[in-house]
Amino acid sequence: MISVYSISAVILAYLFGSIPTAVWLGQAFYGVDVREYGSGNAGATNTFRVLGKRAGMAVMTIDIAKGFTATKLAYFIGLSITGPQHSPQFINYQLALGLTAVMGHLFPVFAGFRGGKGVATLFGMILAVNPDAAMLCVIVFVVVLLTTKYVSLSSICAGFTFPLSIVFVFHSSVKSEVLYGMCVCILIMITHQKNLERLLKGKESKVYLFKKKST
């Protein structure tokens with residue numbers, strides 16, 4: 001049943017997602033709009049490239065928190081609407097709030113609807129809904145990043161890990177969660193289209209977590 005509370009939660013989730021962390025942090029502390037440099041995206045990866053590791057880590061942490069917090073709103077509002085937690089209805093409500101936050105990150109009202117690619121916010125949502133699958137995604141992301149130095153490829157591989165893990169590892173019986181996992185893959189592929197083109201051409205930028213050894 002749709003209520004004022006559920007509508008308010010969706011609006012609040014969108015506003016959480018719309019917080020343009022990379023833009024505000026860059027402008028406040030560096031006098032730089034990260035959307036004018038690098039890949040032009042207002043996300044953690046481009047912040048790493050343009051402003052460095054410290055700023056990138058701050059943006060990534062806050063963007064994850066946006067998705068996590070928006071999804072967790074279901075615990076304050078959804079129980080009276082959907083019934084007990086872990087029920088399909090409750091998970092559906094969580095997914096709706098999380099996806100709304102992701103859309104806010106992609107199209108932030110506070111930054112002229114020019115946002116990032118939503119990977120960190122997506123991860124925050126996954127962490128809130130299925131923390132075990134989220135940790136598996138982290139492992140895949142880190143392994144691919146350390147091996148290839150490509151954040152985009154790491155994000156894509158981690159994105160595909162989520163639906164595969166909930167089906168074959170955790171055996172989720174909630175159809176909407178499986179469908180959401182498939183949507184995550186599609187969304188990541190769409191938002192990383194240019195990255196895929198650069199990867200195929202060998203022109204994608206690498207990110208080094210540690211300083212390169214001098215030769």
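Rule-based calculations on the coordinates, nothing more; no lab input. Keep in mind the model is a prediction, meaning the values are calculated, not measured. Note: ideal-geometry Cβ built from the backbone for every residue, glycine included; neighbour counts use all protein chains shown.
In table form, for the structure just shown:
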item	result
Inter-centroid distance (Cα atoms) of region 118-146 relative to region 1-69, Å	17 Å
Label-point separation, SER8 to ILE190 (7 Å along Cα→Cβ), nm	3.1 nm
Under Karplus coefficients 6.51, -1.76 and 1.60, residue-wise ³J(HN,Hα) of region 47-54 in Hz, glycine/proline x	5, 4, 5, 8, 10, x, 5, 4
For region 72-162, the spread of Cα positions along each principal axis, largest first, Å	46, 35, 16
Sorted by Cβ neighbour density within 10 Å, fewest at the top, the residues TYR5, TYR180	TYR5, TYR180
Too-long pairs where the Cα-Cα distance tops 21 Å, listed order kept, from LYS149/LYS201; LYS72/LYS149; LYS117/LYS194; LYS66/LYS149	LYS72/LYS149; LYS66/LYS149
Magnitude of the charge dipole, the chain, Cβ model with Lys/Arg +1 and Asp/Glu -1, debye to 20	880 debye
Expected 222 nm ellipticity per residue - DSSP helices of 4 or more, -39500 (n - 2.57), all of the chain, to 500	-23000 deg cm²/dmol
Paramagnetic label zone (point 7 Å from Cα along Cα-to-C-beta, VAL143; backbone N under 20 Å) in region 174-203	185
Listed residue (ILE11, VAL143, GLY38) projecting farthest to the positive dipole end of the chain, Cβ model	GLY38
